[in-house]
Amino acid sequence: MTALHQQAEPSSAGPGERAPRHLPLPRPRLGDTGGVLVALIVLVVVSSIAQPAFFTWPNLMNIVGANSVAMSLGIGSTFVIIAGGIDLSVVSMTAAAGMGLGLLLDSGAPTAVCVLGTLVVGAGLGVVNGVLISRLKISFLVVTLGMASIAASLALVVHNGSTVNVFAKPHFGPVHTFATGDVGSVPVILIFDVVLVLLAAGVLGYTRFGRSVFAVGSNAEAARLNGINVKNTTAIVYTLAGLGAGIGSVVQVGRLTGASPQIDPSLLNGVLAAVLIGGTSFSGGKGSIWGTVLGVLFLGVVQNIMTLADISSFWRQAVNGLLLILAVGLGAARWQSRRRRRPEAAVPLIKEAR
């Protein structure tokens, strides 16, 4: 499979010169995403031999459903990390938006209003992150860490720390069908994920905004000199991360038949590990949605195999943490290797704090 690895080249345009109408086109080439694809295929083959129950349609669709929340969070996080940032608050925002959805369903509001309100809550929290980072120049680590605490508290406060059970509510049916229903033998959530991935990959790979994300992540100052609005681009990627959290909360409430204020700390590790395993660089400027999809599937298969093998859940977080460290370590090794081969093409690891 050929992966798209796009890296915007800083322009030689100087201050005051007119910005180019088009940034460089993506350059298809086999790279880091090819590696995780091979690893995923090997894992599937080995798992199918070791566990006959693995390679069955119900089990494969179970993997898709169980990782659909991580998929939406990973797609939003891919935009942020390519732009040179990181969002540590996506899981907490998912809990806060999910509680909003639970309360709206509990109030008897129509399903469309409940879902739209949830997406607005998620995107709104992302907007706050983006504005604080891009306009007030506060470090993204400080802002998103603070937002993680605020969103987690909001999730607890709005219903006194208790779960909102919505399975008996009249307007919950469509949400439940969206998260767990089937069209024939194909899960609805799989169809939605395919559409979401195609949309996100199209925006990232074939629009001016997508190229701006790569340019900002590669070198924010060079991007500014090329006429890119770095502040707006930064604000939008964090908004997309918040929107991903909103989508994830709808899936989560639909699967759990209730809105829980509790946060799964392993989910953030899993999301970050999936994005990085998929070849997105922690230093920004490089990555792809397809890589994130493969990363989510790779971790999903690993978790599924541990479940089939009846390995203690206590070890699963450790595995996610280990894979996260390995992904970051491999990414750093690749960057060092590239710098030795082509020093002029190396991207600075240290970026301007935003």
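The values are calculated or read from the model by the stated rules, or taken from the named source; none is laboratory data. These numbers come from a predicted model, not from an experiment. Don't worry about glycine lacking a Cβ; one is built from the backbone with ideal geometry, like all the others, and counts go over all protein chains shown. SASA here: full protein model, heavy atoms, side chains in, ligands and nucleic acids out. Shrake-Rupley method; radii C 1.70, N 1.55, O 1.52, S 1.80 Å.
Which residue is modelled with the lowest pLDDT, if the candidates are limited to the stretch 251-306 and must be of a type in the set (Ser, Thr, Tyr) and part of a helix (DSSP H, G or I)? Steps first, please.
Residues of the stretch 251-306 of a type in the set (Ser, Thr, Tyr): 257, 260, 266, 280-281, 283, 288, 292.
The next check asks that each one be part of a helix (DSSP H, G or I); those that pass are 266, 292.
Values: SER266: 84, THR292: 95.
The extreme case among them is SER266.
As for the stretch 307-325, it holds at least one residue that is part of a helix (DSSP H, G or I), in contact (Cβ under 8 Å) with a residue 60 or more places away in the chain and open to solvent by 30 Å² or more (accessible area, probe 1.4 Å).
Name the single residue that is farthest from SER266 (Cα to Cα) among those in the stretch 93-123 being small (Gly, Ala, Ser) and open to solvent by less than 10 Å² (accessible area, probe 1.4 Å). Talk me through it step by step, then tell me what you get.
The initial filter retains those residues of the stretch 93-123 that are small (Gly, Ala, Ser), namely 95-98, 100, 102, 107-109, 112, 117, 122-123.
Right, trim to open to solvent by less than 10 Å² (accessible area, probe 1.4 Å) and you get 95, 97-98, 102, 122.
Numbers: ALA95: 14, ALA97: 19, GLY98: 18, GLY102: 23, GLY122: 20 Å.
Filtering the stretch 93-123 for residues that are small (Gly, Ala, Ser) and open to solvent by less than 10 Å² (accessible area, probe 1.4 Å), the one farthest from SER266 (Cα to Cα) comes out as GLY102.
Can you say whether GLY258 is open to solvent by less than 20 Å² (accessible area, probe 1.4 Å), touching a residue at least 60 places away in the same chain (Cβ under 8 Å), touching a strand residue (DSSP E or B) at 6+ places or on another chain (Cβ under 6 Å) and over 26 Å from SER92 (Cα atoms), as far as the supplied structure shows? Don't jump to the end; show me each part of the working.
Numbers: open to solvent by less than 20 Å² (accessible area, probe 1.4 Å): yes; touching a residue at least 60 places away in the same chain (Cβ under 8 Å): yes; touching a strand residue (DSSP E or B) at 6+ places or on another chain (Cβ under 6 Å): yes; over 26 Å from SER92 (Cα atoms): no.
No.
PRO58 meets each of the listed conditions (1) at pLDDT 95 or above; (2) closer than 17 Å to ARG255 by Cβ apart from (1).
Conditions (1) among the hydrophobic types (A, V, I, L, M, F, W, C); (2) out of contact with any Phe, Trp or Tyr (no Cβ under 9 Å at 6 or more places or on another chain); (3) more than 27 Å from LEU297 (Cβ to Cβ); (4) buried (at least 18 other Cβ atoms within 10 Å of the Cβ), marked per residue:
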{"position": "VAL166", "(1), (2), (3), (4)": "yes, no, yes, yes"}
{"position": "ALA179", "(1), (2), (3), (4)": "yes, yes, no, yes"}
{"position": "ASN226", "(1), (2), (3), (4)": "no, yes, yes, yes"}
{"position": "GLY254", "(1), (2), (3), (4)": "no, no, no, yes"}
{"position": "GLN262", "(1), (2), (3), (4)": "no, yes, no, no"}
{"position": "GLY270", "(1), (2), (3), (4)": "no, yes, no, yes"}
{"position": "ALA274", "(1), (2), (3), (4)": "yes, no, no, yes"}
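Annotation: ILE150 fulfils all but one of (1) open to solvent by 60 Å² or more (accessible area, probe 1.4 Å); (2) under 22 Å from GLY84 (Cα atoms); (3) modelled with pLDDT of 95 or more; the unmet one is (2).
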